[in-house]
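**Q** I am attaching a structure below and will ask some questions about it afterwards.
Please treat every number below as a calculation from the coordinates, not as lab data. Keep in mind it's a predicted model, so treat the numbers as computed, not measured. All Cβ positions, glycine included, derive from the backbone under ideal geometry; neighbour counts span all protein chains shown.
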Amino acid sequence: MENFLASISLVSKIATNDYVGFTFFVGCMAMMAASAFFFLSMNSFDKKWRTSILVSGLITFIAAVHYWYMRDYWAGFAESPTFFRYVDWVLTVPLMCVEFFLILKVAGAKKSLMWRLIALSLIMLVTGYFGEAVYRDSAWVWGLISGIAYFAIVYEIWFGTAKKLAEEAGGAVLSAHKTLCWFVLVGWAIYPIGYMAGTPGWYEGWFTGLNMDVIYNIGDAVNKIGFGLVIYGLAVAKSSEK
Ligand SMILES: *C/C=C(C)/C=C/C=C(C)/C=C/C1=C(C)CCCC1(C)C
């Protein structure tokens, strides 16, 4: 009877040492709370900033929905939900590139900057998926290609056109841009660590004891919610200027 109830139950147990299950659960809740926060605060800002806050909310909302599924998937199969993970990223990381464009629009950012960042992010993620899910035996090669695309993004925002535009805009836009640059350099660097912890390769043993999903879950919380809060802070600063 008990087994029967367990098999039809909508809730699974989470063991006290199941850090993956725990971080999926908390991650899901945090993404939901962040989405409610961004959406509900939208109307208190000037029209110009509402789109940026909306995109912040969409990023955490899309993640919340994927975390809902990933939490369930992990509870049911005790396997990494790699497919859902990458679908989430393919939708949310390009939106983070859109955020860079939106805040730099005041300085005359062109759509080509946005599309360049989006294209690089898609190369980074699709090659990462190949290494993690399809061609695991050559994971390091795919990881390397992905890493090159990642550094191209870092270069563009730290030293390229995006940087010049941020300098032209100055003030709060420049300082928000700088903080976002740090998120991409340090916060996004969490992901290749997770990748190396979870795929076979010559780097095996570097990160033993670390779990790929736990690392990805921490990375997502830091980057998606943190990124959104930087944009929120910028909108607050800009709306109180006048
Ligand atoms: C909200 C999700 C975010 C910000 C995801 C970012 C993901 C990355 C920066 C992933 C990067 C990777 C590499 C640089 C090399 C190895 C493969 C990846 C895809 C894990």
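**Q** Based on what the data block shows, is VAL98 closer than 30 Å to TRP202 by Cα and either within 16 Å of the ligand (Cβ to nearest atom) or of a type in the set (Phe, Trp, Tyr) (or both)?
**A** Criteria not met by VAL98.
**Q** Quick one: in region 175-194, of everything that is away from the ligand (no atom under 11 Å from the Cβ) and of a type in the set (Ser, Thr, Tyr), which residue is nearest to GLY228 (Cα to Cα)?
**A** Filtering region 175-194 for residues that are away from the ligand (no atom under 11 Å from the Cβ) and of a type in the set (Ser, Thr, Tyr), the one nearest to GLY228 (Cα to Cα) comes out as THR179.
**Q** Among ILE53, ILE103, ILE148, which is of a type in the set (Val, Ile, Thr) and within 14 Å of the ligand (Cβ to nearest atom)?
**A** ILE148
**Q** Give me the pairs: first residue in region 223-238 and closer than 16 Å to ALA169 by Cα, second residue within 16 Å of the ligand (Cβ to nearest atom) and of a type in the set (D, E, K, R), beta-carbon distance under 7 Å, and six or more apart or on different chains, which are they?
**A** The qualifying pairs are ILE231/GLU99.
**Q** Go through (1) closer than 20 Å to HIS66 by Cα; (2) touching a Lys or Arg at 6+ places or on another chain (Cβ under 8 Å); (3) hydrophobic (A, V, I, L, M, F, W, C) and name the single condition MET212 misses.
**A** Of the numbered conditions (1) closer than 20 Å to HIS66 by Cα; (2) touching a Lys or Arg at 6+ places or on another chain (Cβ under 8 Å); (3) hydrophobic (A, V, I, L, M, F, W, C), the odd one out for MET212 is (2).
**Q** Can I ask one more? Could you list, ordered by first residue, the pairs with Cβ atoms under 8 Å in which the first is in region 173-186 and touching a residue at least 12 places away in the same chain (Cβ under 8 Å) and the second is surrounded by 18 or more Cβ atoms within 10 Å (Cβ to Cβ) and among the acidic types (Asp, Glu), at least 6 apart or interchain?
**A** Every condition considered, the pairs that remain are LEU180/GLU99.
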